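*Asks:* Just passing along the structure, written as structure tokens.
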Amino acid sequence: MRREHADVPIRGGSCLKVSDARLAKRLRPVLGKGGRTPRTDFEAEQLARSARALTLKQPRITGTASAAPFGHDTFVESTFEYDGEYTHHRQRYRGLDIDVIHGASGDYLRGYDGPDCWSPASAPEDDDALEPRLELEEWDAPPSTKTSWHVSYKPIVTLPDRTRIIRWTGFVADGEAIVGTDGLLQRVRIDDHHMARGRSSWQRVEVAFTGFPAAIPHVSPQPAC
């Protein structure tokens, strides 16, 4: 705060950013108590929590995902598969086809240095690459607790095939999810409001769960570059 003179601490937390620090001090900024959380549909909230928990605890998951940064159309696409600690992503990014593996043996990728060899990669938590399961965890999507910032669920919409749509609005992000008749998530969309900073800065993330197979063949990250 001493170095950034235009950021004035606000009693209670956060800071006020203005062009003139002297003006900010005269405003005597104080955090308010905030407005009331909008009315939420309890049944939709419960369905969202149970579907998210049931889906993410599946031992093996396959699916697709896409993401777009602020101010751009979708430009990252991914096909993913999870098997416990093992994850394998095939990502398409600005003309590049990149394979990424995270597992007990380490983190690897191929595509930057050619299609035939694997190089060390960062752990998912340490980069801003598209990682569907981690995106859902970091955005808490669908929101799983009432402590999520001002989250409000709309009533469930049941489609002719008996799948259900749940939609929510929130301070940090809005979203929509489709829940199958088995209680598992089929699709999730997150629309971020850019009100909070996290590991990644996507404006929109879309995840589709395509299967929960009995087995997933593992790709060996060999040879090394």
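*Asks:* Could you check region 166-225 for strands (runs of 3 or more DSSP E) lying wholly inside it with 1 or more residues that are closer than 17 Å to LEU130 by Cβ and over 13 Å from the mean Cα position of the chain (by Cα)?
*Replies:* 202-211
*Asks:* If you don't mind, there's one more thing I want to ask. Please go through region 53-78 and pick out each residue that is without any contact (Cβ under 8 Å) to a residue 60 or more places away in the chain, surrounded by fewer than 16 Cβ atoms within 10 Å (Cβ to Cβ) and assigned to a strand (DSSP E or B).
*Replies:* Answer for region 53-78, where residues must be without any contact (Cβ under 8 Å) to a residue 60 or more places away in the chain, surrounded by fewer than 16 Cβ atoms within 10 Å (Cβ to Cβ) and assigned to a strand (DSSP E or B): just GLU77.
*Asks:* Still on this structure, please answer the following. Quickly run through region 186-200 and pick out the residues that are under 21 Å from PRO124 (Cβ atoms) and among the polar types (S, T, N, Q).
*Replies:* Of everything in region 186-200, just one residue is under 21 Å from PRO124 (Cβ atoms) and among the polar types (S, T, N, Q), namely SER200.
*Asks:* If you go through region 74-86 one residue at a time, do you hit one that is among the β-branched types (Val, Ile, Thr), under 15 Å from the mean Cα position of the chain (by Cα) and under 16 Å from ILE216 (Cβ atoms)?
*Replies:* no
*Asks:* Does region 173-187 include one or more residues that are at pLDDT below 90 and assigned by TED's automatic domain parsing to the domain that holds SER50? Please lay out each step first, then the result.
*Replies:* First pass over region 173-187, keeping only residues at pLDDT below 90: 173.
Next, from what is left, pick out any that are assigned by TED's automatic domain parsing to the domain that holds SER50: 173.
Yes, there is a match, as at least one residue in region 173-187 is at pLDDT below 90 and assigned by TED's automatic domain parsing to the domain that holds SER50.
*Asks:* Go through region 95-126 and count every residue that is charged (D, E, K, R) and more than 21 Å from the chain's Cα centre (by Cα).
*Replies:* Adding up the residues that qualify gives 4.
*Asks:* Here is a further query. Quick one: what pairs do we get from region 160-183, first residue within 16 Å of HIS194 (Cα to Cα), second loosely packed, with under 15 Cβ neighbours inside 10 Å and of a type in the set (Gly, Ala, Ser), C-beta under 8 Å, 6+ apart or different chains?
*Replies:* Partner pairs satisfying both residue conditions: VAL172/ALA196.
*Asks:* Pick from region 190-203 the residues that are out of contact with any Phe, Trp or Tyr (no Cβ under 7 Å at 6 or more places or on another chain) and surrounded by 18 or more Cβ atoms within 10 Å (Cβ to Cβ): which of them is modelled with the highest pLDDT?
*Replies:* Of everything passing the filter in region 190-203, TRP202 is modelled with the highest pLDDT.
*Asks:* Quick one: would you say THR87 is in contact (Cβ under 8 Å) with a residue 24 or more places away in the chain and not in a loop (DSSP other than H, G, I, E, B)?
*Replies:* yes
*Asks:* Condition first: outside any loop (DSSP other than H, G, I, E, B) and farther than 20 Å from LYS57 by Cα. Now tell me which residues in region 102-117 satisfy that.
*Replies:* Of everything in region 102-117, those that are outside any loop (DSSP other than H, G, I, E, B) and farther than 20 Å from LYS57 by Cα turn out to be GLY106, ASP107, TYR108, LEU109, ARG110.
The values are calculated or read from the model by the stated rules, or taken from the named source; none is laboratory data. Keep in mind that this is a model prediction, so the values were computed, not measured. Glycine gets a Cβ as well: all are built from the backbone with ideal geometry, and neighbour counts include every protein chain shown.
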